[in-house]
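Chemist: Following this message is one structure expressed as structure tokens.
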Amino acid sequence: MAVLAGARESVLLHLRGPNDVDAADEKGRSPLILAASKGRLEICRLLLDAGADPTLKDNDGNDAIATAISRGQRELADFLKRNVTSALPSSQDQVVRGEIHEELQPPPSSKTLSLEFSSSFVQSEAQALLSAAPSPAGQGSLDAKAPDLPYDLSEWQAESDERIPDNDPSCASEASLLQSAISSHSVIDHDESWEEVEIELPELDDLVRKYIPLNAKQDQSLRALFVEALRDGRVRPDRIGEVIFEIFEEGGRNEVERFENNINMVLEDIGVFVEDDPFSSGDVIGGYADENLENAATEALAFLGRLLSDDADPLALYAREIPPELLTRTDEQELGVAIEAGVKEALTALASSPMLRARIIADLEAANRGATPAQTIFDLSFADRGPAGEEPTSVVADNEDTVDGKGDAGPDDTVLPPDIARHVSCILDRCSRTYGPTDQLAGEIAEHLFLARLSDTYLKKLEALAEQDPTAQSLIGLVTRGLDKARMARRRLVETNLKLVIWVAKRYGGLPLMDRIQEGNIGLMRAAERFDFKRGVKFSSYAVWWIRQGILRANADTSRMIRLPVHVFDSLRKVERARLRFHNEMGYEPEADQIAGPLEMSPLLVKRLLHLPEEPFPNDSEAAAEIGSIIDQETPSPEQGLLISDAQEIIRELLECLDPREERIIRQRFGFGCEEQTLEEIGQANNLTRERIRQIEARALRKLSHPSRIKRLRGLMR
């Protein structure tokens, strides 16, 4: 499959192993023929370099050249022809290999040569050889003249014995100083920061898994595979590979891996064992009966179809339900007008009922006196808000007590914000004057209530009271219609910007992607509730800040076991970014004053933020288990520590029985109080030969092997 897919690295990996480069499949096709059928020129070159035979033929009698020509691969066919020609043995190579061919023998001649032989020349040459003095040679040497071959077949080269240099303390000291300088070096990054770089992510359609359609023949192959697996209770991996190869002759690597994983999941679900050993003949228990094979195979195919569909991916299913339409600025303004008109219509109908108007006035008076919390009536997030499009951030007071949790609890909910208090005063003042038509009074009250931004909870409460008021039965339809109109417009505003949430959520980490999308959707709904089209800002530009805020605050609430307040978490992120930026630019850790200046914070607050406790490991986490295993391996228990202390004391007493030189050599040899050293290193340190050190070591060990001493050592072993 690697040859067919053109995976060069996989082919190289197989060629490095003990694999037959000319192995053939059931159709007699070698890897070279398969590569030629797909036009893989680079793969053919790798196979030929590895020794593939280009003359092999498949069951149909076609070799690699014929296969390439039949597939229209003329360039590949010419390349294979050149390699076949160059692979033919030459006459010189045949002579070198010792092969005898008739064409190398001279043709017989009919002519007879008359030669006269004389012994004088031979005798003179023999006398010269006998009288010549032999050349000096070392003991055991043999002068053998190598045959005059065109190249050296052995490729052997003599290696000279290198002399180990003596121990040079100055060299070791110099290397130690160099290593210290390297270890203390700090890298200074002069490149620009990547924090503000905007990275465009690919479209969601490129990330959604695609459904793999199967034709009737492929469906039949899969059914046969499942029937065979269900009947035998097991299946070999190469059998699965055959089916996948039949389906994905031109498929990509990702699709093949996904399809193979899904087949293995189906086999595991139906209780089939994938046997890795092709020669295993053990009995497998649990095969299906013949009458149930077809039904079980049909269910397995249906399960595989569900795995291959987009319904198996929650993100793909969610993305498919997102409306494809995008809103223009004009569309957003029209939706904003519809939201405002619907809310005003409902408020006007509520204010037209004397009973509901009296209830609203009573609630406003209670909130104005501080008897009722303002948040139960009004949406305080609109109070004193900045311009639309400004990032909604929590105000972080530059107060040291905020980190310790000793700061103020926040604004008093019983006190109305100035802008809301102004509208409440206008409503109460207008209701104190009873002149004017009722419709005009209801319209003025509705206008001020809309600007004061009543909460959705309070509006639902008024809607429930209207249904209970007998005098307001004619107004219930107006209230419901107005609120439904506003909700539908706000719903469309949210649904058409769901893709924006996915785009923002993928730019952050922390929570899982689906959780980030959920928190971003909550921020998007809050943005739709607070959007004011009259400020001239596009909704998507305004909503992105609320989406980011929802994701970041969710990360702040869930990323740490010991939860920090949101404003403290935001301040900590700013301080950490400033600290890393300073370290990258200057090459050393900054002081609190150097961070506090650019951030306009007090040094004491920065110091407390930097000294916040680190995140602890939960007892059931993988990191805690890993640290526990390290502690168990490296740190001895109290009992083990006591035994080690006793053993060290006994060994120290036994070594005192030796003379000082023997004790020093034994300590250096076995690492008692120092690192273990070789005989060569100990000899250089004591100015003795390696053999002398070995003799001293043997003599010291004989002394320690005395029955009176070995008895104490055996006690340690027990």
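Every read-out reported here was derived from the displayed coordinates using simple, explicitly stated rules and does not represent laboratory data. Because the structure is predicted, anything quoted here is derived from the model rather than measured. We place every Cβ from the backbone using ideal geometry, glycine too, and count neighbours over all the protein chains shown.
Chemist: How large is Rg over Rh for segment 643-717, taking Rg from the Cα atoms and Rh as the Kirkwood inverse mean of 1/r across Cα pairs? Could the numbers behind the result be given before it?
Modeler: Details: Rg = 12.7 Å, Rh = 12.9 Å.
We get a ratio of 0.99 for segment 643-717.
Chemist: Find how many whole Å separate the alpha carbon centroid of segment 492-555 from the alpha carbon centroid of segment 1-57.
Modeler: Distance between centres, Cα-based: 53 Å.
Chemist: Sorted by packing (mean other beta-carbon atoms within 10 Å per residue), highest first, where do 598-605, 679-686 land? Mind showing how you got there, number by number?
Modeler: Numbers: 598-605: 15.0, 679-686: 16.5.
Most protected by this proxy first, the peptides run 679-686, 598-605.
Chemist: For segment 643-717, what is the relative contact order in percent, using Cα pairs closer than 8 Å and at least 6 residues apart in sequence? Display every interim value, and only then the final one.
Modeler: On the way: 47 pairs, mean separation 20.5, N = 75.
In percent, rounded to a whole number, it is 27.
Chemist: Using the per-residue mean of other Cβ atoms lying within 10 Å as a proxy for protection, in what order, highest first, do the peptides 163-174, 322-333 fall?
Modeler: Working: 163-174: 8.6, 322-333: 12.5.
Per-residue mean Cβ counts within 10 Å order the peptides as 322-333, 163-174.
Chemist: Given the pairs 461/499; 499/534; 27/57; 506/534, which span a C-alpha to C-alpha distance of over 22 angstrom in this model? Intermediate results must be reported in sequence, preceding the final value.
Modeler: Values: 461/499 33 Å; 499/534 25 Å; 27/57 10 Å; 506/534 31 Å.
Violating the 22 Å limit, Cα to Cα: 461/499; 499/534; 506/534.
Chemist: If I model a spin label at residue 515 and residue 167 as a point 7 Å from the Cα along the Cα→Cβ vector, what separation in nanometres do I get?
Modeler: According to this spin-label approximation, the distance is 5.8 nm.
Chemist: Let me ask something else. Give the peptides 338-351, 655-668 in descending order of average Cβ contacts within 10 Å, highest first.
Modeler: Sorting 338-351, 655-668 by mean packing, highest first, produces 338-351, 655-668.
Chemist: What translational diffusion coefficient, in µm²/s and rounded to a whole number, does the Stokes-Einstein relation yield for segment 665-709 at 10 °C and a viscosity of 1.306 mPa s, taking the hydrodynamic radius as the Kirkwood radius over Cα pairs? Please report the intermediate quantities before stating the final value.
Modeler: Values: Rh = 10.9 Å.
Estimated diffusion coefficient is 146 µm²/s.
Chemist: I'd like the Karplus ³J(HN,Hα) series for segment 668-673: coefficients 6.51, -1.76, 1.60, θ = phi - 60°, whole numbers in Hz, and an x wherever there's a Gly or Pro.
Modeler: The phi angles translate into 5, 6, 10, x, 7, x Hz.
Chemist: On to the next question. Long-range amide H contacts for residue 234: which residues qualify at under 5 Å (H placed 1.01 Å from N, peptide plane, sequence gap of 5 or more or a different chain)?
Modeler: Amide H neighbours of residue 234, under 5 Å, 5+ apart: 273.
Chemist: Take the alpha carbon gyration tensor of segment 2-88, find the square roots of its eigenvalues, order them as a ≥ b ≥ c, and report rounded if a/c is under 1.5; if not, report prolate when a/b exceeds b/c, else oblate.
Modeler: Rounded, since a/c falls under 1.5.
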